[in-house]
Amino acid sequence: MIVSRSSSLRDRVAAGILEVAATVLAERGEAASMADVADTAGVGRATLYRYFPSREALLRALADVALDDLGERIESATVIWAAGMRAAPLTAQIPAERDNFGRLIVDRDLRVPSVPGVFATGDAARAACDDLGNYALMSCQHATRMGAFAGNNAAAELMGVPTKPYHQKAYATCLDLGAAGAIFTRGWDRKVELVGAAAKKTKQDINTVWIYPPRAERAAALASADPEHVTDL
């Protein structure tokens, strides 16, 4: 088969754009624009749109490349693209340092050091869990506890009383495996503690009790707001 030089050049340019696009999307997520891809790739926007007429066309091409790399294709009615997580765009409105996920860098009180009176929590904050180098993940078990500490500390600062440093040494994962049951691990080294039906029951408790709001009762609501007991594993 004879391949023209122009066709070969076009393929190389397209491959180069896709390689850059994958990096830009990984770093910026939904915030990444076609202009970002063009600027990072060093091509004009007209050139980018000549190769990929829309953002959707670019994403489809990236998906095709991923499938080609895997070497297999599984037909399905629903596809879930799990390409990482990003902090809410709101964090970009805060003039402060952020990590690669867009999360604001906070101190142990969950305060944004460079902006007085601003606290960040949950998926919007990069917070240390302990003194061992572990940081909160973008997950409900960290977000709920961080929210309690941030709320407590914001109120404490307004009232002129001592704040409470955020800490969360416990970490657990629980994965539902459908008919095969589930698996529950504890610790950053993910030591397996439960499997099968017992782990699935724990997963059900997590989804229906642990991460749910408290009962609509004053005492229950106040008790659930105690930072030291939120997500206490």
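Quick note: the coordinates plus some simple rules give every number you see, no bench work behind them. Computed from a predicted model, the values in this text were never measured in an experiment. Here the Cβ is made from the backbone with ideal geometry for all residues, glycine too, and neighbour counts use every protein chain on show.
Observations, loosely collected:
- For region 166-197 versus region 81-137, the spacing of their alpha-carbon centroids is 25 Å.
- Given the chain, longest segment not containing exposed loop trypsin sites (Lys or Arg not before Pro) (DSSP; at most 13 other Cβ within 10 Å): 74-168
- Signed unit charges on C-beta, dipole axis of region 170-233, positive-most listed residue GLY196, ALA170, PRO213: GLY196
- Using θ = phi - 60° in the Karplus curve 6.51 cos²θ - 1.76 cosθ + 1.60, the 3J(HN,Hα) couplings for region 118-124 round to 10, 10, 10, 8, x, 5, 8 Hz; x is entered for Gly and Pro.
- Order of MET138, MET159, MET146 - criterion: other Cβ atoms within 10 Å of each residue's Cβ, fewest first: MET159, MET138, MET146
- Packing-based exposure ordering (other Cβ within 10 Å, fewest first) of CYS129, CYS140: CYS140, CYS129
- Once backbone amide H atoms are built at 1.01 Å from N, PHE119 has VAL112 as its partners under 5 Å, excluding neighbours fewer than 5 places away on the same chain.
- Mean residue ellipticity, 222 nm, helices only, the chain: the sum of -39500 (n - 2.57) across DSSP H runs of n ≥ 4, divided by residue count and rounded to 500, is -12500 deg cm²/dmol.
- Among (1) 21.9, 71; (2) 18.5, 58; (3) 23.1, 78, the entry derived from the coordinates for Rg and Dmax of the Cα atoms in Å: (3)
- When the Gaussian network model of the chain links Cα atoms closer than 10 Å, the mean-square fluctuations of ALA148, ALA92, ALA179 top out at ALA179.
- Once exposed loop GluC sites (Glu not before Pro) are cut out (DSSP; at most 14 other Cβ, 10 Å), longest piece of the chain: 98-216
- A Cβ-based charge dipole, computed about the Cα centre of region 5-70 with Lys and Arg at +1 and Asp and Glu at -1, lands at about 380 debye.
- The dipole here belongs to the chain: it is taken about the Cα centre, uses +1 on the Cβ of Lys and Arg and -1 on the Cβ of Asp and Glu, and is about 220 debye.
- Sorted by Cβ density within 10 Å, fewest first, the residues HIS167, HIS229, HIS142: HIS229, HIS167, HIS142
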